1. Express in whole angstrom the spacing between the alpha-carbon centres of the stretch 16-66 and the stretch 82-97.
2. Rounded to the nearest 0.05, what FRET efficiency do SER151 and ASP104 have when you use their Cβ-Cβ distance and R0 = 35 Å?
3. What's the extension gain from SER115 to ILE48 if we count 0.36 nm per residue and subtract their Cα-Cα distance?
4. So which cysteines of the chain have no other cysteine's Cβ under 4.7 Å from theirs?
5. If packing is taken as the average count of other Cβ atoms within 10 Å, what order do 59-65, 16-22 fall into, highest mean first?
6. First obtain the Kirkwood hydrodynamic radius of the stretch 1-116 from its Cα pairs, then insert it into the Stokes-Einstein equation at 10 °C and 1.306 mPa s, and state the resulting D in µm² per second as a whole number.
7. Using only helices, what value at 222 nm comes out for the chain when you add -39,500 (n - 2.57) per DSSP H run of length 4 or more and divide by the total residues, to the nearest 500 deg cm²/dmol?
8. Eigenvalues of the Cα gyration tensor times 5, then square-rooted: what semi-axes does that give for the stretch 119-211, in whole angstrom, largest first?
Amino acid sequence: MTSLEIVEESGNNMVVKLKGIPIQYANALRRICLAGIPTFAVDDVVIIENSSVLPDEGIAHRLAMMPLKTDLERFIEPSACDCHSELGCSRCRVLLMLDSGSADTTRTITSAEISSEDEVVKPVSPNIPIVALAPSQKLKVEAYARLGRGSDHAKWNSATVSALTSTNNPDEHVLSIETTGSLTPKEVLRAAIEELEKRLGEFQKNVAALG
């Protein structure tokens with residue numbers, strides 16, 4: 001008999017006991033939890049003004065690697081959206097804005113200064129540093145966030161840790177998950193199970209077509 005039991009859950013961490021699940025399926029679930037679940041990340045950046053010491057490419061990279069809260073209920077991946085727009089639409093992208101203004105002192109611009117057009121999709125923490133600005137330096141950008149998967153780029157990873165370990169019972173394994181904060185561990189696990197089921201269904205159809 002197969003079963004899945006949440007042994008421990010705290011913040012972005014969760015430990016799950018898998019019973020009666022073949023090791024190849026358990027490992028597939030582990031891999032999907034790590035890089036197979038869609039999450040939001042900045043994918044395009046328009047630099048309006050940047051007088052900092054960090055070049056435009058560095059600013060874009062900092063924004064891209066910043067984890068964003070994700071809502072999988074209201075948004076879809078660009079490849080599945082019927083807008084067919086390079087910039088995307090309200091169903092497949094979210095606009096983020098940052099306008100530092102200028103100051104007379106040296107300061108560090110953090111994710112707290114980023115505003116989002118969506119109430120959910122925003123940085124997972126207000127304390128992520130982006131760039132240090134000297135007096136009179138400014139940074140103003142528009143950033144477009146889209147859903148993607150870690151299998152395409154690490155900025156879309158849904159978890160930082162997804163490890164599978166064995167127990168004394170050969171029919172039992174333990175899955176440890178630590179998310180980036182974009183999704184809760186339960187959301188990652190639920191989405192991973194659905195994704196695994198979908199992939200297995202597609203594989204069975206492909207095998208059947210060969211016969």
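Computed from the coordinates by the stated procedures, all read-outs in this text should not be read as laboratory data. Computed from a predicted model, the values in this text were never measured in an experiment. FYI the Cβ positions are ideal-geometry reconstructions off the backbone, even for glycines, and counts take in every protein chain you see.
1. Cα centroid to Cα centroid, the span is 18 Å.
2. Values: r = 46 Å, r/R0 = 1.32.
The formula returns an efficiency of 0.15 here.
3. Length gained between SER115 and ILE48: 22.6 nm.
4. CYS33
5. 59-65, 16-22
6. Translational D for this selection: 88 µm²/s.
7. -7500 deg cm²/dmol
8. Values: eigenvalues 289, 84, 25 Å².
Calculated on Cα positions only, the semi-axes equal 38, 20, 11 Å.
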